Amino acid sequence: MRYLSHYQEYPIFEPAEGGYYYAGNQVVESERMSKRKCRREFEKIWKECQKENEEDGFEENADWLAVGRDGVHPWIRFNDNYICKESCYVGKGESYAIERKRGSQTMGRQPYC
């Protein structure tokens, strides 16, 4: 059994060194399902992400200068189990992942050392 999880970033303020923000990651929704069903659902999500990329004007080889200028990032697929969309702003990204342990990519506040 695997989990198909949807993660969303959120901003975390660190007051050290004058203050800065970094991104935390939390599970928005997660569903446990069989390996095959998980793969089918993941492929459906990837097709929706590709449609969204086409609507935003991205092709197979994105122009990263335009991404930096416009601030709209494409959905990117890493390996067979991770899709993410980054953002110019801290805490605005999101991702989908197939994972064995629910919430394995959750990341919260980290102490400043």
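The values are calculated or read from the model by the stated rules, or taken from the named source; none is laboratory data. All of these numbers come straight from a predicted model, not from anything done at the bench. As a convention, Cβ positions derive from the backbone with ideal geometry for all residues, glycine included, and neighbour counts pool all protein chains shown.
Details
- The single condition among (1) modelled with pLDDT of 90 or more; (2) of a type in the set (F, W, Y); (3) more than 23 Å from M1 (Cα to Cα) that Y96 does not meet is (3).
Results for (1) within 23 Å of Y10 (Cβ to Cβ); (2) not polar (S, T, N, Q), shown as yes or no for each residue.
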residue: S30; (1), (2): yes, no
residue: M33; (1), (2): no, yes
residue: C38; (1), (2): no, yes
residue: K51; (1), (2): no, yes
residue: V72; (1), (2): yes, yes
residue: N79; (1), (2): no, no
residue: C88; (1), (2): yes, yes
residue: E94; (1), (2): yes, yes
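- Residues within segment 18-39 that are loosely packed, with under 13 Cβ neighbours inside 10 Å and within 14 Å of R2 (Cβ to Cβ), tallied: 4
- Matching entry among R77, R102 (being surrounded by 11 or more Cβ atoms within 10 Å (Cβ to Cβ), farther than 20 Å from Q26 by Cβ and modelled with pLDDT of 85 or more): R77
- Unique residue being among the aliphatic types (A, V, I, L, M) and without any contact (Cβ under 8 Å) to a residue 60 or more places away in the chain when the list is I76, I12: I76
- Count of residues meeting criterion [touching a strand residue (DSSP E or B) at 6+ places or on another chain (Cβ under 8 Å) and on the phi > 0 side of the Ramachandran plot] in segment 2-46: 1
- Strands (runs of 3 or more DSSP E) contained entirely in the chain, each with at least 2 residues that are over 14 Å from the mean Cα position of the chain (by Cα): 2-14, 20-33
- For segment 40-74, filtered to residues that are surrounded by 13 or more Cβ atoms within 10 Å (Cβ to Cβ) and of a type in the set (S, T, N, Q), the residue that is nearest to I98 (Cα to Cα) is Q50.
- Note on segment 11-54: residues that are modelled with pLDDT of 90 or more, among the aromatic types (F, W, Y) and more than 17 Å from I83 (Cβ to Cβ) amount to 0.
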